């Protein structure tokens, strides 16, 4: 879950760097490639087994046990 939050924050930071007007005026190709690496990283993580219910619970339980 922590990795998900980090990847999501990275994507948000990438989009925040862009001006809204500049993004709207961009071509479709430019829009598609904007923050592509960050989107791909987040999508890959979401599609992996890391985000299934069992793994999320295991991660949380491990965190509580380490306290």
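Have a look at 59, 29, 54, 22 and point out the one that is part of a helix (DSSP H, G or I), over 14 Å from the mean Cα position of the chain (by Cα) and touching a residue at least 40 places away in the same chain (Cβ under 8 Å).
Checking each option against the conditions leaves just 59.
Determine, yes or no, whether residue 54 is closer than 16 Å to residue 2 by Cβ and modelled with pLDDT under 90. Step through it out loud before you land on a result.
On the way: closer than 16 Å to residue 2 by Cβ: no; modelled with pLDDT under 90: yes.
For residue 54, the condition - closer than 16 Å to residue 2 by Cβ and modelled with pLDDT under 90 - is not met.
Can residue 38 be described as surrounded by 13 or more Cβ atoms within 10 Å (Cβ to Cβ) and part of a helix (DSSP H, G or I)?
Numbers: surrounded by 13 or more Cβ atoms within 10 Å (Cβ to Cβ): yes; part of a helix (DSSP H, G or I): yes.
For residue 38, the condition - surrounded by 13 or more Cβ atoms within 10 Å (Cβ to Cβ) and part of a helix (DSSP H, G or I) - is met.
The values are calculated or read from the model by the stated rules, or taken from the named source; none is laboratory data. Note that the structure is predicted; figures quoted are calculated from it, not measured. In this analysis, Cβ positions are derived from the backbone assuming ideal geometry, glycine residues included, and neighbour counts consider all displayed protein chains.
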